[in-house]
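A.B. asks: Here's a structure for you.
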Amino acid sequence: MVAMYESELLAGRFEEKRPRLQAVAHRMLGSAEEAEDAVQEAWIRLQRADVAAVENLDAWLTTVVGRVCLDILRARTRREELFEELLDQHADPPPAAPADEAADPEQAAMLADSVGKALLVVLDTLEPDERLAFVLHDMFAVPFSDIAAVIERSPAATRQLASRARRRVQGASPLPDLRRQHKVVSAFLTAARSGEFDRLLALLAPDVAMRADATAVGIGAAQATHGAQGVARIFSGGAQGARLALVDGAVGAVWQAKSRTIVAFGFTLEDGRITAIELVGEPGRLEELDIVVLE
């Protein structure tokens, strides 16, 4: 009975960590299916571990997920190298695919599963160790000392890997600043929940526009609201059930019921202020969104 109770307690603690672990694995691998497999592997390893000896469960699980993802990335890189070697052995190149079939279906599926298409394309150019160092440190604030243990390098070498990856990412594409987005959207939700009207005004652009689709309107949202004063009045004291989330690779929010997303909030930012808010409630559109809850 005691063992069963402890097992249920451990499962509950793991489920609390699952959203963050899923987000880490998704950023690392760019595939929802592979991310789920990596998180499940972490659960299997946790069940086999001496949990009493684990001082920081968050750090332990992040390390395990990082190692699993690193193994997957290295295996993926090796498969690509072997495939290239096989191609080199043939004298005649394979025939070109028709224009409408040129895209690799697996690559297309990977991009569709990514939390941010532009980011995934750039991350795919990084070496596995670089990718892990950059994702864990820059996106999830994992200390270099912890990352170093995963890739079996010194903290200084790990810092250099992340720095090199950061330069390549920043130089390859004008990717959204997720940290800046997180700071602004998180502050906005906090101000809304506590009814800080002036703080909301400071975070909204004067000409901010908020729009909702028909389903969200049916739930009670206004179809269209323009101007900081109007939007701030709607949110002041509200958003109590909104949870911070990645929505198609950008920081947004969701309102859920029994873990099912009812409404997704998309935010557009310029110069540190929110210029547009879109509320999506139509089930078909929600199914097309890639949502990773952060809270």
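Nothing in this text is a laboratory measurement; each read-out follows from the coordinates by a stated rule. As the structure is a prediction and not an experimental result, all values here were calculated from the model. FYI the Cβ positions are ideal-geometry reconstructions off the backbone, even for glycines, and counts take in every protein chain you see.
A.B. asks: Run through the DSSP bridge list for region 178-293 and note the antiparallel percent, rounded to the nearest 5.
C.D. replies: Numbers: 24 of 29 bridges.
If I count the DSSP bridges inside region 178-293, around 85 percent turn out antiparallel.
A.B. asks: Out of residues 5 or more away from V208 or on other chains, whose amide H comes under 5 Å of its own, with H placed 1.01 Å from N in the peptide plane?
C.D. replies: Residues meeting the criterion, in which the H sits 1.01 Å from N, are G227, A228.
A.B. asks: So how do F144, F265, F14 line up by other beta-carbon neighbours within 10 Å, fewest first?
C.D. replies: Working: F144 20, F265 24, F14 17.
The fewest-first ordering by Cβ neighbours comes to F14, F144, F265.
A.B. asks: Long-range amide H contacts for V263: which residues qualify at under 5 Å (H placed 1.01 Å from N, peptide plane, sequence gap of 5 or more or a different chain)?
C.D. replies: W255
A.B. asks: Alpha carbon centre of region 260-295 versus region 209-238: separation in Å?
C.D. replies: Region 260-295 and region 209-238 have Cα centres separated by 13 Å.
A.B. asks: Tell me which residues come under 5 Å, amide H to amide H, from I274 once H is placed; ignore anything under 5 positions away on its chain.
C.D. replies: L204, A205
A.B. asks: Rounded to whole Hz and in sequence order, give me ³J(HN,Hα) for region 207-224 from the Karplus expression 6.51 cos²θ - 1.76 cosθ + 1.60, θ = phi - 60°, writing x for Gly and Pro.
C.D. replies: My calculation for region 207-224 gives 9, 4, 10, 10, 10, 10, 7, 4, 5, 5, 5, x, 6, x, 7, 6, 5, 8 Hz in order.
A.B. asks: Hey, another quick one. So what J values fall out for region 66-74 if you push phi through Karplus, 6.51 cos²θ - 1.76 cosθ + 1.60 with θ = phi - 60°, rounded to Hz, Gly and Pro as x?
C.D. replies: Result, rounded to whole Hz: x, 5, 4, 5, 4, 4, 5, 5, 5.
A.B. asks: Expressed in nm to one decimal, what extension gain is obtained for the pair E15 and R273 from 0.36 nm per residue of sequence separation less their Cα-Cα distance?
C.D. replies: So the extension gain works out to 89.5 nm.
A.B. asks: Could you list H26, H137 so that the one with the fewest beta carbons within 10 Å of its beta carbon is first and the one with the most is last?
C.D. replies: Working: H26 27, H137 21.
Final ranking by Cβ density, sparse to dense: H137, H26.
A.B. asks: Another one. With θ taken as phi - 60° and the coefficients 6.51, -1.76 and 1.60, list the Karplus ³J(HN,Hα) couplings across region 123-132 in order, rounded to whole Hz; mark glycine and proline as x.
C.D. replies: Values, residue by residue: 4, 5, 7, 8, 5, x, 5, 4, 4, 5 Hz.
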